[in-house]
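Notes follow once the structure below has been shown.
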Amino acid sequence: MDSNTNSYMKRNLQNKKNSKGFSLPELLGIVAVIGILATAGYAVYSSVHQSVKETKLKNEVASLNTAVASYLGFGGNLDSVESPEEAISRLRAVASSDLKDRIPGLSGSMVDSRIAARLQNKEEAATDEARVRWNGTKKTFEIAYSGDPGIAEFYINDNDAEFKHPKEAREFFQLYAAEDDWVWDYQDEKGTVLAGPSDVEVTQSIAVTSNPSPGAPLTSSEPHPDAERLDMPGISKIGGAYSIRDYDLIVELSNPNPEGTSDVFYQIDHGAWTKYNGQSITVTPETTLAAEVVSANSSYLDSGSSFHTYEVKSTTLNAPKIRTTSSTFGERVNRFIWVTLEDTNLAEDPSRMEYRVNDQNWKPYDGFFVLDVAEYPLGANVIARAVSDEEYYINSAPTSAVMTVDPSLKGITGGEFHDPDAKKSNLYNLNEDGNFFAWGRLNNGHGNNKDGVDSSNNGASKPYDPSGWLDDEIVKGGGQYAQNWMFFSGQGQDELAVGEQFHIGTLQYYNSENKSNSGVESVRLNLGLDFNLEGQVYESQFDYSLDLRDTADGGNVWDSADSIHIDYGLSNTVYDTGTQEFGLAIEFGDSTEYGLTTWDEFFVQEDRIAVTEIRGTLYDLNDPNSMVLPAGTIESLPAETTSTTIETTNPAPNLGSGNWWSDGGWLQNWVDRFSSWF
């Protein structure tokens, strides 16, 4: 290698070392800029592409709807079409009539026979891309942007060329002449002499019925080659489905074109065309109304017909309202419940109401009815509905009201002694609860009586032991050093019934040997009966006067027996709830040994303790049939209790010289008292 060559190679290597390229940050920056530009470009491209696609779809829909109008105008029928594919198939068809050569107007296909459609897939349908659907009511193609999948695009499919002319039968109102040389076949007939024009009030409502005479509105003259097509007539209520309650519909037409250029004609159910003069048109269910603007001069073309079909949406009736005087039966209150039904439907609705109770058959409702607890002891379920025999009305869903049965009475009784009638206040004592009462003079053990009570034992010289109340053995009360005393214990009631006797409580009574007069004539016993009357709680108070009757000690055990007597004449036995009155009659029931009872008096032997039941009967004073005398009246007492001189081991007490039934007698007073309640 010569020196020149070697020198050239060195210079070349030196130049390569001194040359510079792009650094890594510069390369990354360039890549980022290119990415941003690409993204922006793609977004712009997508937007433009979507806009172009949507514009193309709108133009195709407009062309298809024009083809639909032509198809319908020349004998086609799309009533049964439910999808856009089926509509396109109809538009591709040609008339198959043997009279093809006599058909005026178009008889061939309305669109290119190669037209095809592509449906959206699920992913496309989930976006807001435009899609084409078929509106069977309006008989038009429509564009939507959401909902079910539709046609994404239309395209030309050359593979369908062999099916380009499917044939179908069409109906035509007019055909060219088959026999005459004139355009139409005709016969000469003598004209009818008309009576003259008829005056029609333009504001009247015309109920149009189907007219079998075919025809169409005719223009007044041949149109000019440059004539402008008139706009379709306006319509106040377009075709569609309306509630049966909206019928009959009143429809009005309007002419949007310049005044004097045209007239509006309408047709009902393909009948004769009628000129519209501003009158209201009455439309009934399942009616088809056609309207068209017809040119009055050659400068305009007819608008073409618009068709409107009026269908019916069935209406579900409203359920009746059930109104009752109570939701709960009772034995006395609400024994009868009145039920009424209220129709909530429109007055013009052809509906009626039916009802049934529990599992009974349906009955027509003619007015209020009454339910008796005796017939429905377990309660009643009233079910009601609105029904109709007319088409387009659906029976209402049933509604119900339940009436339950509540136990007649529940209560708890309690009692307190109060207001003793004493000669001196220190002759008696009441405990804090009021259920223990002691009375009489204390004996000091030296034959001298002493007024006052011993405070060491709750005011009584004889301590009382509740555990011994019902003992059968003889209980000494303390002899001549003791006071008389009595103790009342109330009892809760699980269930009461008006007119039926129940247990109020027990009364324990000790009759001391104190030989002096007790000094206390009477004491009052207040009975509180808190009862639940069919859901309503009442806190009633009944107050009774108890006579404390002393007898002289000595003789047989019953001659010296003291007693407690219920004085109804001085008792308050009525409670008023505000809506009704109740009376509570009490009486003495069975007694333990050493005691004897009549219905209103309790006798206890001297220096003995006895316990008796106090029974009560609650009466509805608004119901005379519920008031009866308590058990144990003169008609039912044992015969020996009416005698004053029976000599037995335990003779009956002396009831006094007063006649039980004489004027002023205690039984007569009781009857008079209860008689005043009626």
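Filter segment 320-332 for residues that are open to solvent by 60 Å² or more (accessible area, probe 1.4 Å) and part of a strand (DSSP E or B); which is nearest to Ser236 (Cα to Cα)?
Lys321
Please count how many residues of segment 365-401 are in contact with a Lys or Arg (Cβ under 6 Å, 6 or more places away or on another chain) and either small (Gly, Ala, Ser) or on the phi > 0 side of the Ramachandran plot (or both).
Going through segment 365-401 one residue at a time, the tally reaches 1.
Tell me, yes or no, whether segment 275-287 has at least one residue that is within 23 Å of Thr140 (Cα to Cα) and in contact with a Ser or Thr (Cβ under 7 Å, 6 or more places away or on another chain).
There is no residue in segment 275-287 that is within 23 Å of Thr140 (Cα to Cα) and in contact with a Ser or Thr (Cβ under 7 Å, 6 or more places away or on another chain).
Conditions first: (1) crowded, with 20+ Cβ neighbours inside 10 Å; (2) free of Cβ contacts under 8 Å to residues at least 60 places away in the same chain; (3) within 28 Å of the chain's Cα centre (by Cα). Leu317 passes all but one, so which condition is the exception?
(2)
Assess whether Thr274 counts as being in contact with an Asp or Glu (Cβ under 7 Å, 6 or more places away or on another chain), at pLDDT 90 or above and open to solvent by less than 70 Å² (accessible area, probe 1.4 Å).
Judged against the criteria, Thr274 is not a match.
Quick grid of which residues meet (1) within 21 Å of Thr315 (Cβ to Cβ); (2) surrounded by 12 or more Cβ atoms within 10 Å (Cβ to Cβ); (3) aliphatic (A, V, I, L, M):
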position	(1), (2), (3)
Asn358	no, no, no
Asn361	no, no, no
Tyr365	yes, yes, no
Asn381	no, yes, no
Ser388	yes, yes, no
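Need a quick list: strands (runs of 3 or more DSSP E) entirely within segment 563-623 having at least 1 residues that are among the acidic types (Asp, Glu), open to solvent by 10 Å² or more (accessible area, probe 1.4 Å) and out of contact with any strand residue (DSSP E or B) (no Cβ under 7 Å at 6 or more places or on another chain).
Of the strands (runs of 3 or more DSSP E) lying wholly inside segment 563-623, those with at least 1 residues that are among the acidic types (Asp, Glu), open to solvent by 10 Å² or more (accessible area, probe 1.4 Å) and out of contact with any strand residue (DSSP E or B) (no Cβ under 7 Å at 6 or more places or on another chain) span 574-576.
Where in segment 364-435 are the strands (runs of 3 or more DSSP E), entirely inside, with at least 2 residues that are modelled with pLDDT under 90?
Numbers: elements: 369-372, 380-387, 399-405, 409-422, 428-430.
So the answer is 399-405, 409-422, 428-430.
How about segment 268-284: which of its residues are of a type outside the set (D, E, K, R), more than 26 Å from Ser243 (Cβ to Cβ) and part of a strand (DSSP E or B)?
Thr274
Do the conditions hold for Val111, that is, is it part of a loop (DSSP other than H, G, I, E, B), open to solvent by less than 70 Å² (accessible area, probe 1.4 Å), at pLDDT 80 or above and more than 21 Å from Ser303 (Cα to Cα)?
Judged against the criteria, Val111 is a match.
Given the structure, is Pro256 touching a strand residue (DSSP E or B) at 6+ places or on another chain (Cβ under 6 Å) and open to solvent by 50 Å² or more (accessible area, probe 1.4 Å)?
Spelling it out, Pro256 is indeed touching a strand residue (DSSP E or B) at 6+ places or on another chain (Cβ under 6 Å) and open to solvent by 50 Å² or more (accessible area, probe 1.4 Å).
What is the residue count in segment 333-356 for residues that are of a type in the set (Phe, Trp, Tyr) and either exposed (fewer than 12 other Cβ atoms within 10 Å of the Cβ) or at pLDDT below 95 (or both)? Even if it seems obvious, please write down each step before you answer.
Initial filter on segment 333-356 (of a type in the set (Phe, Trp, Tyr)): 336, 338, 355.
Within this subset, residues satisfying the condition of being either exposed (fewer than 12 other Cβ atoms within 10 Å of the Cβ) or at pLDDT below 95 (or both) are 336, 338.
Within segment 333-356, residues that are of a type in the set (Phe, Trp, Tyr) and either exposed (fewer than 12 other Cβ atoms within 10 Å of the Cβ) or at pLDDT below 95 (or both) number 2.
The values are calculated or read from the model by the stated rules, or taken from the named source; none is laboratory data. Keep in mind that what you see is a predicted model, and the values were worked out from it rather than measured. Glycine gets a Cβ as well: all are built from the backbone with ideal geometry, and neighbour counts include every protein chain shown. SASA here: full protein model, heavy atoms, side chains in, ligands and nucleic acids out. Shrake-Rupley method; radii C 1.70, N 1.55, O 1.52, S 1.80 Å.
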